1. Out of all the residues in segment 234-275, which are surrounded by 18 or more Cβ atoms within 10 Å (Cβ to Cβ), in a loop (DSSP other than H, G, I, E, B) and among the polar types (S, T, N, Q)?
2. Just a yes or no: is a residue in segment 315-334 more than 26 Å from Ile80 (Cα to Cα), more than 26 Å from the chain's Cα centre (by Cα), free of Cβ contacts under 8 Å to residues at least 24 places away in the same chain and assigned to a loop (DSSP other than H, G, I, E, B)?
3. Is there a residue in segment 309-319 that is open to solvent by 70 Å² or more (accessible area, probe 1.4 Å) and in contact with a strand residue (DSSP E or B) (Cβ under 9 Å, 6 or more places away or on another chain)?
4. Output the residues belonging to segment 325-347 that are of a type in the set (Lys, Arg) and surrounded by 15 or more Cβ atoms within 10 Å (Cβ to Cβ).
5. Tell me which residues, restricted to segment 145-186, are of a type in the set (Asp, Glu) and part of a loop (DSSP other than H, G, I, E, B).
6. On the given criteria, is Leu302 among the hydrophobic types (A, V, I, L, M, F, W, C), closer than 24 Å to Lys187 by Cβ and buried (at least 16 other Cβ atoms within 10 Å of the Cβ)?
7. For Ile230, only one of the following conditions fails: (1) modelled with pLDDT under 95; (2) open to solvent by 50 Å² or more (accessible area, probe 1.4 Å); (3) aliphatic (A, V, I, L, M). What is its number?
8. Give all pairs with beta carbons closer than 7 Å in which a residue from segment 263-286 that is touching a residue at least 12 places away in the same chain (Cβ under 8 Å) meets a residue that is acidic (Asp, Glu); count only pairs at least 6 apart in sequence or on separate chains.
Amino acid sequence: MVCFLVFLSVTKLLKMLINRSATSLIKNQCILTLVKYCASLSTNQNNSIKNIISSFPDSETRLLKVGIIGVPNSGKSTFINYLMDRKACPTSSKVHTTRFKTRSIFTEGDAQIVFLDSPGLVNENETKKFKLENSFLKDSKNVLQEADIVGVVHDASNVFTRETLDIKVIRLLEINKNKASFLILNKIDQLKSKRKLLDITRLLTDNCINGKPVLVPQLKRARHYMNKDIKAWPYFSDIFMVSSLTGDGLREVKQYLIDSARPAKWMFPQAVWTDQTAEIIIQNSVKAKLLDFLPQEIPYRLKPELEYFDLNDKGVITTVVLIKTPSARISKLVAGTEDGRLKQIIQSVREDLQNAFKNIVKISLIMDPPADSSPT
């Protein structure tokens, strides 16, 4: 009888810990063995006791799949890169840099966090206007179907859109209302007023956390509800104010995700940090730098193609990328005077790739206009 009571007390405590978080205590197989031993001494085990025992995770690892969504250029990829401590996702100052769904992975201790990054949310008209792939319409939906938790990255610096959530974001959240979600107010380094951040947060969340109203001064609340054009999501469970550029606030986000991971087998080996091939990463990095260095619509008309790739036994990458251009005139414009711009692009791409692969990268870019094209 004593063992039975001890068993109930121990299992009740451990069950509570399982519900809170997968701590190192839960992982301790000695404790699990002790509980099962106490249970074996009792002649009155019932189904509820057996269920408690079966709730202990057999896995020694934890996993969290995080779906990251937001409108174009809100800083999703930069956000992921900072948490990863490597340039896992190519970024640029122009919209539509991320064009396909990707997975970026970081593993810390027993926890593996898989970021599911997707292209910025667009509608059908924008897809046709910018000649975007169909993935722009489908990938965000697919990402959220796979995710355990949803992170919405919102640009707090954009004076035109910062006080409302995009309707496409709200629709996706509504479809996945059963999944926990958190709000990331990004680019706060560009705001001088902390009070403004609080006002933006109030508007984006409808004064609610987890669907429950937050106490605010009545006058402000009344003004808010009178605004019928407001677009908000009241079911965010957590809110973070960060700068993906300076890193402010991102340590808290990283710890939050690690703490949220649940007992499960890892999706990837510990050393893997992306589901993309090295060749694809190189091509996408070149595309991103072309977007940064070239004006207007020119970079969208260029097509980088991998001509040569080699990885030696020390991890050093040597690669040659052809940049397909519509004409010799465009090739000359991209290269710049005495190839000055091309050299800058090569240097910048090399730095990004070395940050991503954490090794030496030797890269050459070669302009490749049509054979019958004239430079004039």
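1. Ser243, Ser244
2. No: segment 315-334 contains no residue that is more than 26 Å from Ile80 (Cα to Cα), more than 26 Å from the chain's Cα centre (by Cα), free of Cβ contacts under 8 Å to residues at least 24 places away in the same chain and assigned to a loop (DSSP other than H, G, I, E, B).
3. So far as segment 309-319 goes, yes, one or more of its residues are open to solvent by 70 Å² or more (accessible area, probe 1.4 Å) and in contact with a strand residue (DSSP E or B) (Cβ under 9 Å, 6 or more places away or on another chain).
4. Lys332, Arg341
5. Asp148, Glu163, Asp166
6. When the stated conditions are applied, Leu302 does not pass them.
7. For Ile230, the failing item is (2).
8. Here the result reads Ser285/Asp352, each pair linking segment 263-286 to a residue that is acidic (Asp, Glu).
The values are calculated or read from the model by the stated rules, or taken from the named source; none is laboratory data. Bear in mind the structure is a predicted one, so any value in this text is a computation, not a measurement. Reconstructed Cβ throughout: ideal geometry from the backbone, glycine too, with neighbour counts over all protein chains shown. Just so you know, the surface numbers come from the protein's heavy atoms only, side chains and all, with ligands and any DNA or RNA stripped out. Shrake-Rupley method; radii C 1.70, N 1.55, O 1.52, S 1.80 Å.
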